[in-house]
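Readers should treat all values here as calculations from the given coordinates under stated rules, not as data from a laboratory. None of the values given here were measured: they were computed from a predicted structure. All Cβ positions, even for glycine, are placed from backbone atoms using ideal geometry, and neighbour counts span all protein chains on display.
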Amino acid sequence: MKKIYLFFLFILLLVPSGVYAEKEAAKLSKCVDGDTAKFLINRKVYTTRFLAIDTPETKHPKKGEEPFGKEASTYTCKRLTNAKKIELEYDKESEKEDKYGRRLAWIFVDGELLQSELIEKGYAKVAYLYGDYKYTNILKLEEKMARVNKRGLWNDDEVRKRENYKEAESILKKIYKFVKKLL
């Protein structure tokens, strides 16, 4: 089964999509989380959301920290911080900005598509597809491989273990606050 996915991935990489865009050089200004960063482009800082993926939350006001959120955020920040070359590519099938004013782009780190790396490691899933984006087929195939290999988000046992730990930690904090009030 893995050989079939790899074969199709190889074929997809060889077939040009017909949708080409110029890449824009950028420098990292600040890491935000696993799927968002701030980049300096032509002396202006832009908050940029990574196109077509979603990573677990690390600082969400309602969701809190989700399983693999820290790993995704750490991986993204390390790749961007250590990059010799960062390029952003805007997809012709996507809006250039989302409703929050963040740029939407493909992120290339030293020639490698960062979205692809995050999905391959199981730190992200394919999401927010509102058109026929240039690299979507590659990302979907890599997501299937991550699922088959039970990497990151797709490792049910690991996700359950982390969620149980988080729940236990929350209960212990409540007990601690209660006991503290009694003393």
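Global dimensions of segment 55-109 from alpha-carbon coordinates: Rg and Dmax equal 13.6, 36 Å.
Pairs 70/99; 30/84; 30/78; 44/96: which are spaced more than 22 Å apart, C-alpha to C-alpha? Before the final figure, lay out the partial values.
Numbers: 70/99 25 Å; 30/84 16 Å; 30/78 11 Å; 44/96 16 Å.
Violating the 22 Å Cα-Cα cut-off are 70/99.
Loop-located GluC sites (Glu not before Pro) across segment 15-112 with a Cβ neighbour count of 11 or fewer within 10 Å are 22, with loop assigned by DSSP.
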